[in-house]
Amino acid sequence: MKMSDFRLDGKVALVTGASYGIGFNIALGLAEAGATIVFNDIKQELVDKGIQGYKEAGVEAHGYVCDVTDEDAVNEMVAKIEKEVGVIDILVNNAGIIKRIPMIEMTAAQFRQVIDVDLNAPFICAKAVIPGMIKKGHGKIINICSMMSELGRETVSAYAAAKGGLKMLTKNICSEYGEFNIQCNGIGPGYIATPQTAPLRERQPDGSRHPFDSFIVAKTPAGRWLEPEELAAPAVFLASDASNAVNGHILYVDGGILAYIGKQPK
Ligand code: NAP
Ligand code: GCO
C-alpha cells in the first residue's frame, strides 16, 4: 500500500448540489487530496455563493447552474465540463431534498418530486458520465445515501423509498460497469448538522432542545450530531485508488446509529 493511492491529483470531480452543506465539505476534501472541483446548483445565486465559499477555503472551483432532474441540462453540463475542465473521473451524487409529510397527507406529486431529485437524478448524472469513464478506463461514482437507505420513520416515506432505491442503484452500477474499472459506492451519512436538518434541531420556545434533537443524540452511540466535514475523508477514500477493490458498498458514516439497539428507558 502507498499513501499516494489516496491522492486525487489530476482528477476531475463533479459534486452535485455542492454550494454548501455535505456536498461542499466533500468537495473541499477532494480538493485537498488534489482533485479539480466542479459543482452545480439549481440557482445562479447558489453557484455564486458556492464559488465564493470555495475561494475563501483556497479552492478554485468551477460552478455550473443545472437542475439535476433535467436530463438534457445534465448532458449539456457534462459536455461543457468535458470541454472547459476535462473528462469527469469522479461523480458524487449529493444533491437531494426531503419532504417531511405523513404519508397519507402526501400528494403523489410531492412523492414523485422527492424520487425525481433523490433517485432519478443520480441515475441521470451517472448515465451522463459513465461513457467518458469507460473511454478513460476508470471512474468513481459515490452516491450519497442515508440512514433511510436502511431504516424508516414517520413522515419520510418518499425520502426512504428514494434512498433505499439509491442503495440498489449503487449496487447495480457496480454490477453493470465494474468490468470497465468503474467503482460505484455509497456513503450513508447519519444525522448531520446542515440546513436540511435544521428544522429538527430548532430550539423550543422555552429554550429546551427539539425532541427530535434529543432523540438523535440518544440514538447515536457517539452521543452527538455529526458535522459535514466528517464525510470528507470517507469520500476521499471512495474517490481514490485506495478503494479500487471496494465496489457496490455503502459506507455508513453514522456515529454508530445502525449498530445500536438504543438506550433502555430509565
Ligand atoms: P442541503 O443542505 O439541503 O443541500 C442539498 C443541496 O442540493 C442544496 O444546495 C440544494 O439546493 C441542492 N439541490 C436540491 N435539488 C437540486 C436539483 N434539482 N438540482 C441541483 N441541486 C439541487 O442538504 P445536505 O444536508 O447537505 O444533504 C446533501 C445530501 O446528503 C442529500 O442527498 C441528503 O439527502 C443527504 N443526507 C443528508 C443528511 C443530513 O443529516 N443532513 C443525512 C444523510 C443524507 P437548494 O438549496 O436550492 O435546495
Ligand atoms: C429525517 C432526516 C434524515 C436525514 C438523513 C439521515 O427527517 O429523518 O432529515 O432523513 O437527513 O438522511 O441519514
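All told, Gly139 meets the bar of being small (Gly, Ala, Ser) and under 17 Å from the mean Cα position of the chain (by Cα).
Here is a yes/no grid of residues against (1) within 13 Å of ligand 1 (Cβ to nearest atom); (2) more than 23 Å from Leu200 (Cβ to Cβ):
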site	(1), (2)
Ala128	no, yes
Ile134	no, yes
His138	no, yes
Ile141	no, yes
Ser157	no, no
Lys163	yes, no
Met168	no, yes
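Just to be sure, is Leu200 closer than 25 Å to Phe24 by Cα, in contact with a Cys (Cβ under 7 Å, 6 or more places away or on another chain) and either open to solvent by less than 60 Å² (accessible area, probe 1.4 Å) or not acidic (Asp, Glu) (or both)? Judged against the criteria, Leu200 is not a match. Restricted to helices (runs of 4 or more DSSP H) entirely inside the stretch 1-105, those with at least 2 residues that are without any contact (Cβ under 8 Å) to a residue 24 or more places away in the chain are 44-56, 71-84.
Of everything in the stretch 244-266, what is over 15 Å from the mean Cα position of the chain (by Cα), assigned to a loop (DSSP other than H, G, I, E, B), of a type outside the set (Gly, Ala, Ser) and farther than 16 Å from Ile173 by Cβ? Give them in sequence order. Passing the criteria: Tyr260, Ile261, Lys263, Gln264, Pro265, Lys266. Residues that are within 30 Å of Tyr260 (Cα to Cα), more than 13 Å from ligand 2 (Cβ to nearest atom), free of Cβ contacts under 8 Å to residues at least 12 places away in the same chain and surrounded by fewer than 23 Cβ atoms within 10 Å (Cβ to Cβ) do not occur anywhere in the stretch 136-157. Filtering the stretch 149-199 to residues that are touching a Leu at 6+ places or on another chain (Cβ under 6 Å), closer than 29 Å to Gly137 by Cα and part of a helix (DSSP H, G or I) leaves Gly165, Leu166.
It is to be established whether one or more residues within the stretch 221-242 are in a helix (DSSP H, G or I), more than 16 Å from ligand 1 (Cβ to nearest atom) and among the polar types (S, T, N, Q). No, there is no match, as no residue in the stretch 221-242 is in a helix (DSSP H, G or I), more than 16 Å from ligand 1 (Cβ to nearest atom) and among the polar types (S, T, N, Q). Here Thr36 fits the description: closer than 23 Å to Asp241 by Cβ, hydroxyl-bearing (Ser, Thr, Tyr) and modelled with pLDDT of 95 or more. What do you reckon, is Asn181 over 19 Å from Ile97 (Cβ atoms) and over 16 Å from the mean Cα position of the chain (by Cα)? Taking the combined requirement at face value, the residue satisfies it. Restricting attention to the stretch 110-131, the residues being open to solvent by 10 Å² or more (accessible area, probe 1.4 Å) and not polar (S, T, N, Q) number 12. Of all residues in the stretch 168-188, those that are more than 9 Å from ligand 2 (Cβ to nearest atom) and either modelled with pLDDT under 95 or open to solvent by less than 40 Å² (accessible area, probe 1.4 Å) (or both) total 11.
The values are calculated or read from the model by the stated rules, or taken from the named source; none is laboratory data. Computed from a predicted model, the values in this text were never measured in an experiment. Every residue, glycine as well, gets a Cβ built from its backbone with ideal geometry; the counts of neighbours run over all protein chains shown. Accessible surface is based on the protein model in full, side chains and every heavy atom, while ligands, DNA and RNA are left aside. Shrake-Rupley method; radii C 1.70, N 1.55, O 1.52, S 1.80 Å.
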